[in-house]
Amino acid sequence: MSIKKSFRNFFTAQTNSRLKDLLLVLPTYLWIIIVFFIPVFSVLILSFAELSPVTRTVVNFPVLSNYAKLFIRTDYARLLLRTFFIAVTVTASSVLFAYVVAYFIAFRVLKNKYTVLFLFQAPYFATYMLILLAWRLMLGSTGVINSLLLYFGLISEPIKLLGYNLFSVWLVLTATWFPWLILPIFVSLEKIDRVLLEASDDLGASPITTFLKVTFPLSLPGVFVAVLFVFIPTMGEFIAPAVVGGRTGILFGNLIYDFFLKGFRWDVAAAFTVYLLIITFIAVFLLYRRIGFRKLMESL
Amino acid sequence: MKIDVELKNVTKKFGDVVAVSDVSFQVEKGQFFSLLGPSGCGKTTILRMISGFEKPTEGEILIEGEPMADVPPFKRPTNLVFQSLALFPHLNVYENIAFGLKIKKIPENEIKARVKEMLDLVRLPGYEKRKISQLSGGEKQRIAIVRALVNKPTVLLLDEPLGPLDLKLREEMIVELKRIKREVGTTFIYVTHDQGEALTMSDKIAVMKAGKIMQIGSPIEIYEQPNSEFVANFIGGTNVFKGRYENGAVEVDNLGKITVTPECQLSKGSVLVSIKPEKIFIGRKLNALDNIFAGEVKEAYYQGRVVTYRVLLENGSSISVVAPSPGMEGIFGIGEKVKIGWNKKDSKLIT
């Protein structure tokens, strides 16, 4: 009774308001600290340590040797560049596909919009691994696609591009990402007041001009969110390359994975993770500068 | 007189609903033409058909003599000021006004000059760089009007643009709109449900009801000579009595004989008489009026400039009176015995 009363008093009293405010936001901060700052901080510390590969105890601290590893073998740096290139390409293609579909649902589908939207999310009822395995069966020189084409005599030998390679990684990542990106783009398109499009029409703009000068600029927040949604995870992607990448399709994430689990070099893996983090932060920062954080979050 | 806009037997159906039914009218060049009616009467639909956002189910729309049936909105010589204004939130004031001009590929320095001229016209000089979100309601209104006007349309269409403004601002904008109209001389077609706005600004008013035009005329004609009970009631409210016409007078049940002007003589029989509340005098003693009745004040609403009374007459009819406040004899209280009266020229016969 008295505990309950004092508890109630605490939340109703005019005094202690600063303490009260702090307590009310504390769960949010705690959550961010636990799930974000502690792991990132641990990785950061680890990246400056030299671990013994055998005992995994700290031999030296702080050192930059882990970071230098990127430049010791040129193929590591090249892999990072290639990963960046793939992330940009996957982002561009999946956002483009998602935009076309989102535009179609928002402006052309008149009935059951949300059902159509929901159907595009259906692939996510299967686990990521299952989707990837399905792709693995489809691709490859003896995969479903090549086999069928050969069977029907449309080709005389397997299409190399559909083997396990970097192109397949791009294809699979684009295909798996784009339905997910429809959502933020659809939301920002749906939010556009249709009367603005009429106004543009009335002021003499053809449908294409209206799209370029009104619809597209107003949908940019959704596009930026979609870009973040796909760019960040693609930079660290390692599963799709492992399943459909073959020998030529591995990415920087696979390198980190190997250092971590195969080479037991947690310190190098941590340093390489920090490289990824830096690139990601730069990307987010540039977007933030372009439209402002608030607008970006509002469009979610 | 040159005709800018002409509607010939225009009908618009949405499914089974008839929004506009067999409407015809002409708007002369330079005219301020208002479509006035309650919400849902089809006035906005007519505007949207003129601007091209809706297609007539039947009939024809001509602008400067050209049939508009196959002309999309972006190719019509009209510009619309939307009810919600529809200013582009991602563009600043300059970019909003310049929008139409840039599409027409007009040279940048001419665009600048014309935007400046427009901002001067609405007395917002130096507003080029402002964001739309930084503008007040009245400022947004003005920008929306000049964003349309800057394109020098043959006809400027306005869809209740003063709707969301508060009373004070609305009165200011009415004066402003009249001034802009006078300075640019463009033909205006104005849609509103506010009879005050329509009467103040228009050269010609079309009163609409349920998709049909009830009466077209100058503000004075519409107000002084309504042709139906609906128009008489919609424009300013009125007292309507049903009676039988005979020899310059109308015999009304529960009221008695009302004298009317000989000019509005009709054939004998059942007629409606309309008497505007502000044409009726109220006092303890009244004389020298053609129609005088005695009664008792049942309701009195003080409204500042005027007082509105509802008077129950001795013979059972109820009549509303709008009198100056305070009148010669002050303000009458509820229950007070009064006389009311009016001249026969103010008894209007309506069909």
Exercise. Any chance the stretch A:46-53 includes a residue that's modelled with pLDDT of 90 or more, assigned to a helix (DSSP H, G or I), on the phi < 0 side of the Ramachandran plot and surrounded by 11 or more Cβ atoms within 10 Å (Cβ to Cβ)?
Worked result: yes
Problem set entry | Failed item, numbered, when B:Asp22 is tested on (1) more than 14 Å from chain A (Cβ to nearest Cβ); (2) assigned to a loop (DSSP other than H, G, I, E, B); (3) in contact with a Gly (Cβ under 9 Å, 6 or more places away or on another chain) | (2)
Exercise. For B:Met173, which of the numbered conditions (1) part of a helix (DSSP H, G or I); (2) open to solvent by 40 Å² or more (accessible area, probe 1.4 Å) fails to hold?
Worked result: (2)
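Restricting the stretch A:119-144 to residues that are in a loop (DSSP other than H, G, I, E, B) and of a type in the set (Ser, Thr, Tyr), which is farthest from A:Gly245 (Cα to Cα)?
Once the filter is applied, the top-ranked residue is A:Thr127.
Rundown of residues vs (1) in contact with a Leu (Cβ under 9 Å, 6 or more places away or on another chain); (2) surrounded by 16 or more Cβ atoms within 10 Å (Cβ to Cβ), yes/no style:
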| residue | (1), (2) |
| --- | --- |
| B:Leu7 | yes, yes |
| B:Lys12 | no, yes |
| B:Asp22 | no, no |
| B:Phe33 | no, yes |
| B:Gly37 | no, yes |
| B:Cys41 | yes, yes |
| B:Ile50 | yes, yes |
| B:Met68 | yes, yes |
For this session: Kindly indicate the residue of the stretch B:113-131 that is over 19 Å from B:Glu176 (Cβ atoms), in contact with a helix residue (DSSP H, G or I) (Cβ under 9 Å, 6 or more places away or on another chain) and open to solvent by less than 80 Å² (accessible area, probe 1.4 Å) and also farthest from the other protein chains (Cβ to nearest Cβ) among those meeting that condition.
Result: B:Glu128
For this session: Among the candidates B:Thr186, B:Thr154, B:Thr192, single out the residue that is buried (at least 18 other Cβ atoms within 10 Å of the Cβ), more than 16 Å from the chain's Cα centre (by Cα) and among the hydroxyl-bearing types (Ser, Thr, Tyr).
Result: B:Thr186
For this session: Identify all residues within the stretch B:220-239 that are modelled with pLDDT under 85 and in contact with a Phe, Trp or Tyr (Cβ under 8 Å, 6 or more places away or on another chain); write none if there are none.
Result: B:Gly236
Exercise. Which of the following residues is out of contact with any Pro (no Cβ under 7 Å at 6 or more places or on another chain) and either in a strand (DSSP E or B) or not aliphatic (A, V, I, L, M) (or both): B:Asn79, B:Asn96?
Worked result: B:Asn96
Exercise. Within the set of pairs 6+ apart or on separate chains, which have a first residue in the stretch A:63-80 that is within 11 Å of A:Phe252 (Cα to Cα) and of a type outside the set (Phe, Trp, Tyr), a second that is open to solvent by 90 Å² or more (accessible area, probe 1.4 Å) and in a helix (DSSP H, G or I), and C-beta atoms under 7 Å apart?
Worked result: A:Ala77/A:Phe71
For this session: May I ask you to list the residues in the stretch B:88-112 that are of a type outside the set (Gly, Ala, Ser), within 8 Å of chain A (Cβ to nearest Cβ), open to solvent by less than 40 Å² (accessible area, probe 1.4 Å) and touching a residue at least 12 places away in the same chain (Cβ under 8 Å)?
Result: B:Phe88, B:Phe99
For this session: Sort out which residues of the stretch A:178-196 are within 14 Å of chain B (Cβ to nearest Cβ), surrounded by fewer than 19 Cβ atoms within 10 Å (Cβ to Cβ) and assigned to a helix (DSSP H, G or I), and write them in order of number.
Result: A:Lys191, A:Arg194, A:Val195
For this session: Please indicate, with yes or no, whether at least one residue in the stretch B:240-250 is at pLDDT 80 or above and open to solvent by 70 Å² or more (accessible area, probe 1.4 Å).
Result: yes
Problem set entry | Residue check for B:Arg142: farther than 25 Å from B:Glu64 by Cβ, open to solvent by 20 Å² or more (accessible area, probe 1.4 Å), without any contact (Cβ under 8 Å) to a residue 12 or more places away in the chain and more than 14 Å from chain A (Cβ to nearest Cβ) | no
For this session: Working carefully through the options A:Ala199, A:Ala205, find the one that is within 14 Å of chain B (Cβ to nearest Cβ) and not in a helix (DSSP H, G or I).
Result: A:Ala205
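If you take the residues of the stretch B:68-87 that are farther than 21 Å from B:Leu177 by Cβ and within 27 Å of the chain's Cα centre (by Cα), which of them is nearest to the other protein chains (Cβ to nearest Cβ)? Don't jump to the end; show me each part of the working.
Here is the first cut: in the stretch B:68-87, the residues farther than 21 Å from B:Leu177 by Cβ are B:68-76.
Right, trim to within 27 Å of the chain's Cα centre (by Cα) and you get B:68, B:73, B:76.
On the way: B:Met68: 14, B:Pro73: 5, B:Arg76: 8 Å.
Among them, the one singled out is B:Pro73.
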Exercise. Within the stretch B:316-326, how many residues are open to solvent by less than 30 Å² (accessible area, probe 1.4 Å) and among the small types (Gly, Ala, Ser)?
Worked result: 3
Problem set entry | Verdict on A:Gly236 being in contact with a Gly (Cβ under 9 Å, 6 or more places away or on another chain), open to solvent by 10 Å² or more (accessible area, probe 1.4 Å) and within 18 Å of B:Phe88 (Cα to Cα) | no
Exercise. Restricting the stretch B:327-351 to residues that are closer than 18 Å to B:Gly248 by Cβ and open to solvent by 50 Å² or more (accessible area, probe 1.4 Å), which is modelled with the lowest pLDDT?
Worked result: B:Thr351
Exercise. Restricting attention to the stretch B:208-258, which residues are in a helix (DSSP H, G or I) and not polar (S, T, N, Q)?
Worked result: B:Pro219, B:Ile220, B:Glu221, B:Ile222, B:Tyr223, B:Glu224, B:Glu229, B:Phe230, B:Val231, B:Ala232, B:Phe234
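The values are calculated or read from the model by the stated rules, or taken from the named source; none is laboratory data. All figures in this text were calculated on a predicted structure; none of them were measured in a lab. Reconstructed Cβ throughout: ideal geometry from the backbone, glycine too, with neighbour counts over all protein chains shown. Just so you know, the surface numbers come from the protein's heavy atoms only, side chains and all, with ligands and any DNA or RNA stripped out. Shrake-Rupley method; radii C 1.70, N 1.55, O 1.52, S 1.80 Å.
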